[in-house]
1. Quick test of your reading of the structure: L76 fulfils all but one of (1) at pLDDT below 95; (2) surrounded by fewer than 14 Cβ atoms within 10 Å (Cβ to Cβ). Name the failing condition by number.
2. When both residues are 6+ apart or on different chains and their Cβ atoms are under 7 Å apart, which pairs have a first residue that lies in the stretch 22-41 and is among the basic types (K, R), and a second that is in a strand (DSSP E or B)?
Amino acid sequence: MATLAMINGILIRMKPEKKGKHHRAHIHAWYSGMEAVFDVLARRKIKGDFPRDQTLIVQGFIAAHEAELLANWESLNSESGTFFKITV
């Protein structure tokens, strides 16, 4: 799983889904032993328990970096399987 960024102690990660398990760009966020999954385009949590403040931080991160997240999604799911870090 590729670590794309860290913001306020929250790890933002993405993993390739070459077989199309989800078909939608999403990220995994980890904070203090908790994990949540966020839909990039809808900017909402779709799975997991996460504190309200950290949820808002992740949603703001998605809003500010949507184009970079979508580019990473495409790249990770391509033949190259590469990704790039997002500077916060």
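1. Among (1) at pLDDT below 95; (2) surrounded by fewer than 14 Cβ atoms within 10 Å (Cβ to Cβ), the lone unmet condition for L76 is (2).
2. These pairs meet every condition: R24/D39.
The values are calculated or read from the model by the stated rules, or taken from the named source; none is laboratory data. On a predicted model such as this, the values are computed, not experimentally measured, just so you know. Every residue, glycine as well, gets a Cβ built from its backbone with ideal geometry; the counts of neighbours run over all protein chains shown.
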